[in-house]
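Below is one structure, written out as structure tokens; comments come after it.
The values are calculated or read from the model by the stated rules, or taken from the named source; none is laboratory data. From a predicted model like this one, the values you see are computed outputs, not experimental measurements. Cβ placement follows ideal geometry from the backbone for every residue including glycine, while neighbour counts extend to all protein chains displayed. For the accessible areas, the whole protein counts, side chains as well, though only heavy atoms, and no ligand, DNA or RNA atoms are used. Shrake-Rupley method; radii C 1.70, N 1.55, O 1.52, S 1.80 Å.
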Amino acid sequence: MPRLKFGAFLAPHHPIGENPLLQFRRDLDLVEHLERLGYDEFWCGEHHSSGWEMIASPEMFLAAAAERTKRIKLATGVVSLPYHHPFHVAQRIVQLDWMSGGRVIFGSGPGALASDAHALGVDPMLQRDRQDEAIGVIRRLFGGERITMKSDWFELNDAALQLLPYQEDLPFAVASQISPSGMTLAGKHGIGIISIGSLSEEGLNALPTQWGFAESAAAKHGRTVDRKNWRVLLSWHVAETREKAMEQARDGLFRHHNEYISATLQRPGAKPFKTPEEAVEKMAYAPGAAATIGTPDDLVERIKAVLEVSGGFGTVVGFVHDWANPENTMRSWDMVARYVVPEINRYTAELRKSREFVANNREYFDRAKDAIMAKITENEAAAAALAVTKSPMLAASSSNVPDFDAVRKKLAG
């Protein structure tokens with residue numbers, strides 16, 4: 001089975017009241033932390049309103065992250081294409097690709113917040129069509145074409161990039177929620193997908209149908225889509241025990257849901273919770289709950305279930321939030337890297353088999369003990385020393401240590 005990649009998605013969702021300077025710096029610290037832990041991808045978004053999501057330019061943030069990292073892929077999650085001239089987007093992504101040494105994933109979307117579109121005077125009914133049109137233009141520009149065209153919202157006159165991407169085939173991805181538009185767009189252009197709707201039960205259940213939309217659209221347009229380029233977003237916080245995870249996450253989750261999801265975005269059906277305990281129960285433990293707040297084993301079980309429901313995908317992306325304090329948030333990501341990633345990808349399977357073989361086949365190794373005792377007993381000084389040896393802990397990693405009590409009795413007899 002192909003290895004599942006792991007990534008992180010920073011919207012960001014930061015509560016209002018903290019110093020924005022420190023929040024930006026802490027987000028950059030997180031990217032460094034994730035690289036050290038071996039994560040494959042880091043995504044960050046674009047928003048212009050709502051207070052909680054304050055990264056207006058993912059390209060600027062990722063350029064700073066690129067200077068702090070060497071290996072992790074850096075993904076725009078996402079650039080809202082209807083808000084920008086496609087030529088400017090293409091140039092910024094190309095520059096970021098060169099500055100990062102070819103680590104960019106170009107993720108795009110139509111724009112998630114209605115308040116952003118309102119501020120920019122963009123008709124929500126036009127956003128998805130404009131994203132589609134912009135993707136087509138940007139792909140042509142990345143391919144080295146010189147384009148002249150006039151759209152109802154941008155114009156190009158003999159436009160060509162003077163610098164092409166560092167990567168020979170820079171990866172594209174589109175955001176998909178529960179509607180078929182994102183998946184259909186991915187199929188039409190033969191590009192990757194990041195499923196954001198999987199943060200809800202409805203989104204998880206819709207994953208198989210969603211992938212069908214991508215395959216159908218790809219077939220219609222003579223393209224192909226590959227599950228290895230499908231990313232599924234999940235939300236989690238893990239600790240050593242369920243009780244500890246719930247204690248760490250409950251207050252931040254309560255505030256995030258009540259102040260942002262319910263009161264600010266006013267998401268349909270998102271009623272405020274009465275207590276932090278209710279927030280944890282309904283988000284992670286009630287029937288249909290989509291979040292994981294518990295142990296690494298709980299998250300392993302969740303990921304395996306989503307893999308089975310979906311039919312398989314290439315990368316699981318964890319949603320970055322401030323449910324817990326910064327220290328426990330960092331530790332949660334650390335525990336996922338230490339325990340969840342190796343379990344999902346079977347990194348330790350052969351180590352377990354090796355241990356079990358040694359533990360269950362002792363008869364094969366008795367001759368090694370006999371060899372040690374033969375050398376001891378043929379030396380009078382060594383035999384005398386053994387007679388007063390009280391601890392068998394002579395070599396912590398040795399499996400050849402004999403039973404000293406039995407040997408002493410044999411020598412005394």
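In segment 216-256, of all residues being without any contact (Cβ under 8 Å) to a residue 40 or more places away in the chain, in contact with a helix residue (DSSP H, G or I) (Cβ under 6 Å, 6 or more places away or on another chain) and over 17 Å from residue 328 (Cα atoms), the one that is surrounded by the most Cβ atoms within 10 Å (Cβ to Cβ) corresponds to 225. Contact map, segment 349-370: residues that are outside any helix (DSSP H, G or I) paired with residues that are exposed (fewer than 10 other Cβ atoms within 10 Å of the Cβ) and of a type outside the set (D, E, K, R), Cβ distance under 6 Å, separation 6+ or inter-chain. No pairs are found. In segment 126-155, the qualifying residues are those that are within 28 Å of the chain's Cα centre (by Cα) and of a type outside the set (S, T, N, Q), and the one that is most open to solvent (accessible area, probe 1.4 Å) is 128. For segment 67-102, residues that are surrounded by 20 or more Cβ atoms within 10 Å (Cβ to Cβ), farther than 29 Å from residue 124 by Cα and among the small types (Gly, Ala, Ser) total 1. Being open to solvent by 10 Å² or more (accessible area, probe 1.4 Å) and assigned to a strand (DSSP E or B) is a property that holds for residue 319. Between 261, 293, the distinction of being touching a strand residue (DSSP E or B) at 6+ places or on another chain (Cβ under 7 Å) and either within 26 Å of residue 202 (Cα to Cα) or not in a helix (DSSP H, G or I) (or both) belongs to 293 only.
Do we find that residue 240 is part of a helix (DSSP H, G or I) and either in contact with a Leu (Cβ under 7 Å, 6 or more places away or on another chain) or among the acidic types (Asp, Glu) (or both) in this structure? It is false that residue 240 is part of a helix (DSSP H, G or I) and either in contact with a Leu (Cβ under 7 Å, 6 or more places away or on another chain) or among the acidic types (Asp, Glu) (or both). Only residues that are without any contact (Cβ under 8 Å) to a residue 40 or more places away in the chain and open to solvent by less than 10 Å² (accessible area, probe 1.4 Å) were counted across segment 262-307, and they come to 2. The set of residues in segment 2-22 being of a type in the set (A, V, I, L, M) and free of Cβ contacts under 8 Å to residues at least 12 places away in the same chain consists of 21, 22. Within segment 103-125, restricting attention to residues that are charged (D, E, K, R) and over 24 Å from the mean Cα position of the chain (by Cα), the residue that is least open to solvent (accessible area, probe 1.4 Å) is 116.
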